[in-house]
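Below is one structure, written out as structure tokens; comments come after it.
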């Protein structure tokens, strides 16, 4: 589409998940419940790790950072979506849209890297336990976390720069429940080839590579468990639950960012986006942390102190 003369688009209309009023009210209740559960689980874990000295180790520092990312990540999207369910005006300014895209990409990309480091942490703990405290000391852990945050910041800054330079004319309707870079690109009358290249390169670096590293780590863990044959069923259960969440998060994100845009309907796009923006932040504390015996005991101690 060619750019035409006239003032550019200054705001967008988000169509959301559905236009049916009754369905919107039902989804408001569903996603409000999910959001509250996400906040409760992640904030509870952060407070538990911070207040209990027994959890001041690299593994729990990773988990607390993951929970903090998930709280921020889901809060960039869900409150706005909930407001759109109960209001008639569903507009968002161009600058508001760009801000949402930046922080969503920043936090999501940082989490992709952090999850890979967490898988490596589990690999060292299970397959090389005698050297765990040497390899995964607090300094090394802090460096990995800083690297995840800084890499996410750098790549998302590049993403938002090329998105900011796009021009928009004509339609301003986004058939989505939040501002997502691929959906915004579809409305642009500018050349988006640089945006597509950056999305593919970012997907290879932040989705494919970390997922390969995670799968390799868990394969080594499973092999090690088979050799040890101690606590096998519980360890296998933990590994598979981690892998399910990992595949759900990375798989759905790759579906959105690393495929031809014309290959799937907008309805499918929105459904897939729900999984990696809303569902996995709720599942992460349940899968990674709240089933952990040490975390459960720490929560019990905090509960007794509170009484």
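The values are calculated or read from the model by the stated rules, or taken from the named source; none is laboratory data. Not measured: the values here are computed from a predicted model. With ideal geometry, Cβ positions are generated from the backbone for all residues, glycine too; neighbour counts draw on all protein chains shown.
Here are the numbers for the structure shown:
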quantity: Residues being surrounded by fewer than 17 Cβ atoms within 10 Å (Cβ to Cβ) and outside any loop (DSSP other than H, G, I, E, B) - total across region 152-170; calculated: 6
quantity: Tally, over region 33-65, of residues that are under 18 Å from the mean Cα position of the chain (by Cα) and in contact (Cβ under 8 Å) with a residue 12 or more places away in the chain; calculated: 15
quantity: Positions within region 18-31 being surrounded by 15 or more Cβ atoms within 10 Å (Cβ to Cβ) and modelled with pLDDT of 90 or more, in sequence order; calculated: 24, 27, 28, 31
quantity: Residues satisfying the stated conditions in region 174-194, i.e. in contact with a helix residue (DSSP H, G or I) (Cβ under 9 Å, 6 or more places away or on another chain), in a helix (DSSP H, G or I) and over 22 Å from residue 267 (Cβ atoms); calculated: 194
quantity: Selection from region 138-148 of residues that are surrounded by fewer than 18 Cβ atoms within 10 Å (Cβ to Cβ) and either without any contact (Cβ under 8 Å) to a residue 12 or more places away in the chain or over 18 Å from residue 56 (Cβ atoms) (or both); calculated: 139, 143, 146, 147
quantity: Residue in region 215-235 that is within 17 Å of the chain's Cα centre (by Cα) and either under 17 Å from residue 276 (Cβ atoms) or at pLDDT below 85 (or both) present; calculated: no
quantity: Which listed residue, of 55, 130, 63, is closer than 27 Å to residue 252 by Cβ and either modelled with pLDDT under 95 or touching a helix residue (DSSP H, G or I) at 6+ places or on another chain (Cβ under 9 Å) (or both); calculated: 63
quantity: Residue 174 vs. criteria surrounded by 14 or more Cβ atoms within 10 Å (Cβ to Cβ), touching a strand residue (DSSP E or B) at 6+ places or on another chain (Cβ under 7 Å), more than 19 Å from residue 109 (Cα to Cα) and at pLDDT 85 or above; calculated: yes
quantity: Subset of region 52-94 (residues that are assigned to a helix (DSSP H, G or I), in contact with a strand residue (DSSP E or B) (Cβ under 9 Å, 6 or more places away or on another chain) and surrounded by fewer than 21 Cβ atoms within 10 Å (Cβ to Cβ)); calculated: 80, 94
quantity: Index of the failed condition, residue 108 passing every other in (1) free of Cβ contacts under 8 Å to residues at least 60 places away in the same chain; (2) surrounded by fewer than 22 Cβ atoms within 10 Å (Cβ to Cβ); (3) closer than 16 Å to residue 273 by Cα; (4) in contact with a helix residue (DSSP H, G or I) (Cβ under 7 Å, 6 or more places away or on another chain); calculated: (1)
